[in-house]
Ligand SMILES: [Zn+2]
């Protein structure tokens, strides 16, 4: 384990700084939580927790999260998704530096029907690059795991060819992550569907051969991971699939741990499975379900403790004004704080605490 070099500027990473951050994770044996956000409250909660933990972090938006960020009142959903993502990115660019940590800015699952969203965000990235000399996002994701492997890789190649000149990376998906994430994926966890939940190492090698010369990419491989939290014992995690994939690529190309792996559907996973996955080259672990619950739980607690403030403006018995209790800053802050506590745990579980590369 090498000594951590704190040599990156705080703020959003891209190009070389993004690749340095991933290399540091893999060398140092830790991973970064990739937290789904839907507004400035969740973004600020992530940045605040990252700063408190002296850890770098990944902030990401699903298409639904970006649409919500843009505003559910906008009827053109492609426009809301695209401009919502841009608005979120601008907030993160402006604020991340103030928190003194490095941030990877990313978008989550885009299946075939959402490819126009990714292309529209790249158009925005191109315009931003022309003005500022840097992209808006560090990376995007394409999840074409429902297509044939050949179609999946051909489309990933096309998109990566657009991203590479902007210093951006692409996350791809091989095999199917179980469960459902924001309307993408399947709730079908039946035995017949189980085989698809495990990526074949040969497929990872094919992806490596197809994309390596084009640009920087990472792979969300399926090793029994499932989105959301289900009753235990449904699907078995087999992180050794990642190890076998790295070994196959090393055999063909002579490079150890060549693939940057991403762990989707990690909510509720065993600490041992997480540690094993990181040791096989996972640098990013998505967290959404647990932080959603934490945010809701914090607000739920607040409402339970102050029920009268959510029913009337004046306390019915004491006649005291309740304005200071129903002020949205109070209960939204309760959600932020509770989300922050869950994130403290995530940084610790992933070994990321105290590892920020920001100088
Ligand atoms: Zn996912």
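Taking (1) closer than 18 Å to residue 44 by Cα; (2) touching a helix residue (DSSP H, G or I) at 6+ places or on another chain (Cβ under 9 Å); (3) away from the ligand (no atom under 16 Å from the Cβ) in turn, residue 346 satisfies each apart from (3). Take the conditions (1) away from the ligand (no atom under 16 Å from the Cβ); (2) in contact with a helix residue (DSSP H, G or I) (Cβ under 6 Å, 6 or more places away or on another chain); (3) under 20 Å from residue 172 (Cα atoms); residue 240 misses just one of them, which is (2). Selection of region 91-114 for residues being touching a strand residue (DSSP E or B) at 6+ places or on another chain (Cβ under 7 Å), part of a helix (DSSP H, G or I) and either closer than 18 Å to residue 65 by Cα or within 16 Å of the ligand (Cβ to nearest atom) (or both) yields 92, 93. Of all the residues that make up region 27-48, how many are part of a helix (DSSP H, G or I) and either modelled with pLDDT under 95 or in contact with a strand residue (DSSP E or B) (Cβ under 8 Å, 6 or more places away or on another chain) (or both)? Total satisfying the criteria: 4. Listed here are the helices (runs of 4 or more DSSP H) enclosed by region 272-359 that have at least 3 residues being in contact (Cβ under 8 Å) with a residue 24 or more places away in the chain: 289-305, 328-349. Of all the numbered requirements in (1) within 15 Å of the ligand (Cβ to nearest atom); (2) within 15 Å of the chain's Cα centre (by Cα), residue 260 misses one, and that requirement is (1). Could you please let me know if residue 293 is modelled with pLDDT of 95 or more, within 16 Å of the chain's Cα centre (by Cα) and surrounded by 12 or more Cβ atoms within 10 Å (Cβ to Cβ)? So residue 293 does not fit the description; no. Within region 174-191, is even one residue more than 15 Å from the ligand (Cβ to nearest atom), over 27 Å from residue 224 (Cβ atoms) and either modelled with pLDDT of 95 or more or assigned to a helix (DSSP H, G or I) (or both)? Checked region 174-191: no residue is more than 15 Å from the ligand (Cβ to nearest atom), over 27 Å from residue 224 (Cβ atoms) and either modelled with pLDDT of 95 or more or assigned to a helix (DSSP H, G or I) (or both). Evaluation of residue 249 against the conditions (1) assigned to a helix (DSSP H, G or I); (2) more than 20 Å from the chain's Cα centre (by Cα); (3) surrounded by fewer than 20 Cβ atoms within 10 Å (Cβ to Cβ) shows that the sole unmet condition is (3).
The values are calculated or read from the model by the stated rules, or taken from the named source; none is laboratory data. Model, not experiment: these values are computed from the prediction. Please note: Cβ atoms are built from the backbone with ideal geometry, for glycine as well, and neighbour counts cover all protein chains shown.
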